[in-house]
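The values are calculated or read from the model by the stated rules, or taken from the named source; none is laboratory data. Nothing here was measured: the structure is a model prediction, and the numbers come from that model. With ideal geometry, Cβ positions are generated from the backbone for all residues, glycine too; neighbour counts draw on all protein chains shown. Keep in mind that these areas ignore ligands, DNA and RNA; they rest on the heavy atoms of the full protein, side chains included. Shrake-Rupley method; radii C 1.70, N 1.55, O 1.52, S 1.80 Å.
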Amino acid sequence: MSNRRQTMQIGFIGLGGMGSAMALNLAKAGQDVRAWNRSKVAQESVPGVTLVRLAADAFEADAVFTMLSGGS
């Protein structure tokens, strides 16, 4: 068994307050994070995270997180 960490490709949908913090922590941990948000997000607000143009692009990953507000 190897002690090397494997990098995952992680998709993230929703970069509000909680989503951006989670995506940043994943990127800081060395994961390859690609994210999409409904409204425009400044790249400098999520350093290390790749912002993608289409939500479908975020789904081209090993795992996908969604951090969306619920409607009532």
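In the stretch 12-40, what count of residues is obtained for those that are more than 15 Å from Ala63 (Cβ to Cβ), assigned to a loop (DSSP other than H, G, I, E, B) and open to solvent by 30 Å² or more (accessible area, probe 1.4 Å)? First the steps, then the outcome.
As a first pass, look at the stretch 12-40 and keep what is more than 15 Å from Ala63 (Cβ to Cβ): 15-18, 20-21, 24, 28, 37-40.
Applying the additional criterion that residues be assigned to a loop (DSSP other than H, G, I, E, B) yields 15-16, 37-40.
Now restrict to residues that are open to solvent by 30 Å² or more (accessible area, probe 1.4 Å): 16, 37-40.
Total satisfying the criteria: 5.
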Inset, instruction - Scan (1) open to solvent by 60 Å² or more (accessible area, probe 1.4 Å); (2) at pLDDT 95 or above; (3) closer than 19 Å to Leu68 by Cβ for the single condition Pro47 breaks and write down its number. - result: (3)
Inset, instruction - Could you please let me know if Ala63 is closer than 11 Å to Gln9 by Cα, open to solvent by less than 80 Å² (accessible area, probe 1.4 Å) and not hydroxyl-bearing (Ser, Thr, Tyr)? - result: yes
